[in-house]
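Notes follow once the structure below has been shown.
Each value in this text was obtained by applying a stated rule to the coordinates, not by laboratory testing. Only a predicted model underlies this, so the values are computations on that prediction, with no experimental measurement involved.
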Amino acid sequence: MSAHTPKALYRDEGIVLRTQKLGEADRIVTVLTRRTGKVRAVAKGVRRTKSKFGARLEPFTHVDLQLYTGRNLDIVSQVESIRSYGQEVVTDYPAYTAGTAVLETADRLTAEEKEPALRMFLLVVGALRTLGERTHSPGLVLDAFPAARDVGGRLGARAGRLRPLR
C-alpha cells in the first residue's frame, strides 16, 4: 500500500476487551464492536500523559470509535466514551473478577477478527451494565454468561428463559 493510497475510514461502537503495550507510547486495543466484530487496533500515543484518548481506551469501557483500516492492525483516529463501567466494577472484587471473566470469554469466543458478533456484543454490554449497576450478583451474571453465549442450542430463547447447561 503506497503512501498515497487512501485508507478506509469506519466508525463503530464497542467494548474494550483488553490492551497491550506497543513501543514507548502506543497501545494495541482489542475491541468487540457492534457491527464489525472483534477489532485489534493501534492507539498511537495513548500512553503519553497528554494523550487525546487518555483513559477512554481501557477495559470495561463502552466507546464510539473512528478507525482507519490498516494492513495488519487498524488505527484508532477518534474515541468518544459512551460509558465506563470500570469505576463501578473494579471497586467490587467479585464484580471485577466476573467482569474480567466476561471480557476474556468474549475475546476467546470471537476468534475471527472482523466477523460480526452482535449477540456477543449485546451480551457483554448487558453483563457489564448489570455488574456496574449491581442489579444482580456477580455470580449470577457469571453463571448466565456462558449459558447465554450458546444462542444456537442451549438457550431457551423461545421461552425467554435460560436453561441449565448439560
> Among the lysines, which fall within straight-line cross-link reach of Lys44, defined as a Cα-Cα distance under 17 Å, with same-chain neighbours fewer than 8 residues apart omitted?
Replying inline: Lys7, Lys21, Lys52
> Which cross-chain or sequence-distant (5 or more) residues have an amide H under 5 Å from the amide H of Ile82, H modelled 1.01 Å from N in plane?
Replying inline: His62, Val63, Asp64
>> Full-extension gain between Ile75 and Tyr93, please, as 0.36 nm times their residue separation minus the C-alpha to C-alpha distance.
In response: 3.2 nm
> Give me the log10 of I(q) over I(0) for the range 9-84 at q = 0.11, 0.21, 0.22, 0.23 Å⁻¹, as the Debye formula computes it from C-alpha points; what are the numbers?
Replying inline: -0.21, -0.83, -0.92, -1.02
>> Amide H of Arg35 versus every other amide H placed in the peptide plane: which residues, excluding those fewer than 5 positions away on the same chain, fall under 5 Å?
In response: Glu13
> What are the ³J(HN,Hα) values, in whole Hz, obtained from phi via the Karplus relation 6.51 cos²θ - 1.76 cosθ + 1.60 with θ = phi - 60°, for each residue of the range 125-132 in sequence order, with x given for Gly and Pro?
Replying inline: 4, x, 5, 5, 4, 5, 5, x
